[in-house]
1. Using a 10 angstrom cutoff on alpha carbons, build the Gaussian network for the chain and name the most mobile of Gly127, Gly283, Gly230.
2. Top mean-square fluctuation among Val43, Val336, Val116, Gaussian network model of the chain, C-alpha springs under 10 Å?
3. What is the distance in Å between the Cα centres of segment 35-66 and segment 169-186?
4. Before rounding to the nearest 500, sum -39500 (n - 2.57) across all DSSP H runs of length at least 4 in the chain and divide by the residue total; then give [θ] at 222 nm in deg cm²/dmol.
5. Could you provide, to the nearest whole Å², the per residue accessible area of segment 227-334 with probe 1.4 Å?
6. Quick one: net charge of Leu313's neighbours, Cβ under 12 Å, K/R +1, D/E -1?
7. Given a 1.4 Å probe and every protein chain left where it sits, what share in percent of the accessible area of the chain is carbon and sulfur?
8. Counting only complete DSSP H runs, which helices of the chain cover 15 Å or more along their long axis at the Cα atoms and score a mean Kyte-Doolittle of 0.5 or above?
Amino acid sequence: MKEKLQDIYEKLDQKLQAECARVGESIPYIPENGRYRKDMREVNDSWWTNGFWAGMLWQMYQSTGNEAYKKTAEYSEAALSKAMERYVGLHHDVGFQFLHTAVADYRLTGKEKAKVTGLHAANLLAGRFNVTGEYLRAWNLDRSGWMIVDSLMNIPLLYWAGNELNDPRYADIADRHAHTAIRVLQREDGSCNHIAIFDPATGEMLECPGGQGYGPGSSWSRGQAWAIYGFALAFMHTGQQEYLDAAKRTAHYFLSNIALTGYVPLTDFRAPEEPVSWDTTAGACAACGLLQISEMVPDFEKPLYYDSGVKMLMALAENHCNWNPEEDGILQNGTVAYGKEGETHVPIIYGDYFFTEGILRLLNKGFMIW
């Protein structure tokens, strides 16, 4: 296994160095015909995925010391800092954006300016808290009553800010949101809704629409992955047992489903058999969550989570990776949303990020970016 992991790591390094040279100052998202052709700085500088490229590069900088990774990551940080100044367009996903850029920079280099940018992002996220409903509102425009499972992956930004400032208000907001997620998003069988809609004035929960999955009551696999890893990270930051229990419930549900499909998840676990739709990005994220859980449970429980995470990452590495350094995008067959034309079975930047994080975890070469 060690030799196999080292081989994957060397291929990652080779491919990402080649991508850095091609991408330059751009921010990539989804390659077209093997190349990153759109620069997300020009398409939408506040797009929610704009931090993952830098996050992957900071992980590689940490493991290799290659200054090219650091320099390229700083380009994304500069672009997102401009988006912060503009403010309009930013929303609940500032955790994804700034934990992987400014906060990662600060953690690895101690740069004070990066710390300040991260704190601005945390305050923006805290300002989205609905006090009556006890949730962080999702997106902008007319969605003031919406919360989504994705935000569990953004609340580590609040835990970080609270620790930096020695201010319990940030963790309190994160905890209240996480408690609400357990109450209204997680189902009894461990599966999770993607979205819950509240009356923003009274806090009354109104409905749970389908979101990016097949439909209402379905089970969008990346949403399940957000829950596994998000609840696990909440436990890591707080030690509150209910978060670990929630992470394990969704993990058990997830593992039961992927056991039927070779440890690679379908886009939705409750959808028609045809057409077959895979989402490897959900598998990569969930694998990272399982590895995190394995570090926090008693010894006799560890193999279930660790070994399952390894199986998932190996299934992706062996069957769903493009290692050609002349082509962009590593993890293939990612799907943005069920049935979304043009964004089904494609490489997606966050899939590459979570796959890279997972492999580095197994090699003890990464760092905790969350």
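1. Gly127
2. Of the options given, Val43 has the highest mean-square fluctuation.
3. Cα centroid of segment 35-66 versus Cα centroid of segment 169-186: 29 Å apart.
4. Values: 14 runs with 198 residues, N = 370.
It comes out at -17500 deg cm²/dmol, rounded to the nearest 500.
5. Numbers: 4060 Å² over 108 residues.
Here the per-residue accessible area is 38 Å².
6. On the way: positive: Lys4, Lys311, Arg361; negative: Asp307, Glu318, Glu357.
So the environment of Leu313 carries a net charge of 0.
7. Values: 7040 of 14450 Å².
It is 49 percent, rounded to a whole number.
8. Numbers: long enough: 2-23 (31 Å, -1.05); 52-64 (18 Å, 0.02); 67-86 (29 Å, -1.02); 112-126 (21 Å, 0.25); 168-184 (24 Å, -0.59); 221-238 (26 Å, 0.41); 241-258 (26 Å, -0.52); 280-294 (21 Å, 1.19); 302-319 (26 Å, -0.04); 349-362 (20 Å, 0.47).
Those that clear 15 Å and a mean of 0.5 are 280-294.
The values are calculated or read from the model by the stated rules, or taken from the named source; none is laboratory data. As the structure is a prediction and not an experimental result, all values here were calculated from the model. Cβ atoms come from the backbone with ideal geometry, glycine included; neighbour counts cover every protein chain shown. Quick note on the areas: whole protein, heavy atoms, side chains included, nothing else; ligands and nucleic acids left out. Shrake-Rupley method; radii C 1.70, N 1.55, O 1.52, S 1.80 Å.
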